[in-house]
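**Student:** Below you will find the structure I want to go over with you.
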Amino acid sequence: MPRSQQPTPRFDPLTVPKASDVLAAEVRERILSGEFGEGLALPPERQLVEQTGLSRATVREALRVLEVEGLLEIRPGRGGGAFVHRPGRESLANTVRLVIRGQRIRPAALHETREAIEPTCAALAARRRTDLDLAELDAAHAELVGTGDDVQRFLRANVRWHTAVAKASANELLIGFMSALAQSIHAATDLEQFMDADIREVTARAHARITEAIRAGDEAAAARRMTRHVCGFARASAEVDSRTSLPSKLP
């Protein structure tokens, strides 16, 4: 085919990333890869400008992005600067809580997720629990039993106990998810409507049975008892939310 009759090449539009995004991506990768360790101070802003050839505004924008992501801690004043902060389970918990609130996740979806996660947490806790884990479970349970008629204190102790089960699983992802779920369910549900003395007593007994299975290293029993407990709680919560009659007890 003659050159004059050949089709003219076409190109799709190209998206050129912002310089600040490129710098943020490089620093992010070096933090997550472990090259930049926890607490490492990045070069001062003036040196970053010189080393990268970018403007001061671009460097500042990149640092702000990483600060929002929780990968840098910006400290003002003498001795301040940008310091590496590697994400931990608290970062995961905060992100999950933001998603739950920002997306207005339905309470039913929160309970479904909890039903999927907590029995696994209990089984892993039975396999991996340490003496410190058992001590925390016992302390959380003692606090729950000793709350008397203070429902809010009971609910806080309840969150503490469920979080302690997740921590005993020694799985960082499960710990982060459970921390966010427990607090979000607490905040999203009008729990005081059905947390009477009988319900609190039944809840305490369920916790004691699950703790017993975890202490004994019985994974199957721990998972089974936790399933019964959280599924019963979800049913009771759903009945409260729909303003139907309340159950006489939780499993």
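The values are calculated or read from the model by the stated rules, or taken from the named source; none is laboratory data. Quantities reported herein were computed from a predicted structural model and do not represent experimental measurements. Note that each Cβ is placed from the backbone with ideal geometry, even for glycine, and that neighbours are counted across all protein chains shown. Accessible surface is based on the protein model in full, side chains and every heavy atom, while ligands, DNA and RNA are left aside. Shrake-Rupley method; radii C 1.70, N 1.55, O 1.52, S 1.80 Å.
**Student:** For semi-axes √(5λ) of the Cα gyration tensor in Å, pick the label among (1) 35, 22, 13; (2) 48, 25, 18; (3) 59, 15, 12 that corresponds to the value derived from the coordinates.
**Tutor:** Matching the structure shown: (2).
**Student:** Measure off 7 Å from each Cα along the Cα-to-Cβ vector at residue 18 and residue 135, then give the distance between these two points in nanometres to one decimal.
**Tutor:** Reported label-point gap for residue 18 and residue 135 is 4.9 nm.
**Student:** Put +1 on the Cβ of each Lys and Arg and -1 on the Cβ of each Asp and Glu in the chain; which of 183, 100, 126 then has its Cα farthest toward the positive end of the dipole?
**Tutor:** My answer, from the dipole projection, is 100.
**Student:** Continuing with the same structure: How much FRET efficiency would the formula 1/(1 + (r/R0)^6) give for residue 212 and residue 90, where r is the Cβ-Cβ distance and R0 is 30 Å, rounded to 0.05?
**Tutor:** Details: r = 30 Å, r/R0 = 0.99.
The formula returns an efficiency of 0.50 here.
**Student:** On to the next question. Of 61, 201, 136, which has the largest mean-square fluctuation in a 10 Å C-alpha GNM of the chain?
**Tutor:** It is 61.
**Student:** Going by amide H atoms built from the backbone, whose H comes under 5 Å of the H on residue 81, apart from near neighbours?
**Tutor:** 75
**Student:** When only Cα pairs under 8 Å and 6 or more residues apart are kept, what is the percent relative contact order across the chain? Working shown, then result.
**Tutor:** Values: 293 pairs, mean separation 47.3, N = 251.
RCO, the chain: 19 percent.
**Student:** What FRET efficiency comes out for residue 47 versus residue 98 if R0 is 25 angstrom and r is the Cβ-Cβ distance? Round to the nearest 0.05.
**Tutor:** Efficiency, rounded to the nearest 0.05: 0.15.
**Student:** Say each of residue 29 and residue 128 gets a label point 7 Å from the Cα, pointing the same way as Cα to Cβ; how far apart are those two points in nm?
**Tutor:** Those two pseudo-labels are separated by 3.0 nm.
**Student:** Still on this model: So, in nm, how far is label residue 38 from label residue 173 when the simple model puts each one 7 Å beyond its Cα toward the Cβ?
**Tutor:** 2.1 nm
**Student:** Provide the solvent-accessible area of residue 131, counting protein heavy atoms only and rolling a 1.4 Å probe, rounded to the nearest 10 Å².
**Tutor:** Per-residue accessible area (residue 131): approximately 130 Å².
**Student:** Give me the percent relative contact order of segment 4-123, please, defined on Cα pairs under 8 angstrom at least 6 residues apart. Numbers along the way, then the final one.
**Tutor:** On the way: 82 pairs, mean separation 27.0, N = 120.
Averaging sequence separation for qualifying contacts and normalising by length gives 23 percent for segment 4-123.
**Student:** Here is a follow-up. Once the dipole of the chain is set up with Lys and Arg at +1 and Asp and Glu at -1 on Cβ about the Cα centre, which of 11, 221, 36 lies farthest towards its positive end?
**Tutor:** 11
**Student:** Give the carbon-plus-sulfur fraction of the accessible surface of segment 5-151 in %, rounded to a whole number; probe 1.4 Å, heavy atoms of protein chains only.
**Tutor:** Numbers: 5110 of 9630 Å².
Carbon and sulfur: 53 percent of the exposed surface of segment 5-151.
**Student:** How large is the accessible surface per residue of segment 29-102, computed with a 1.4 Å probe and reported in Å² as a whole number?
**Tutor:** On a per-residue basis, 64 Å².
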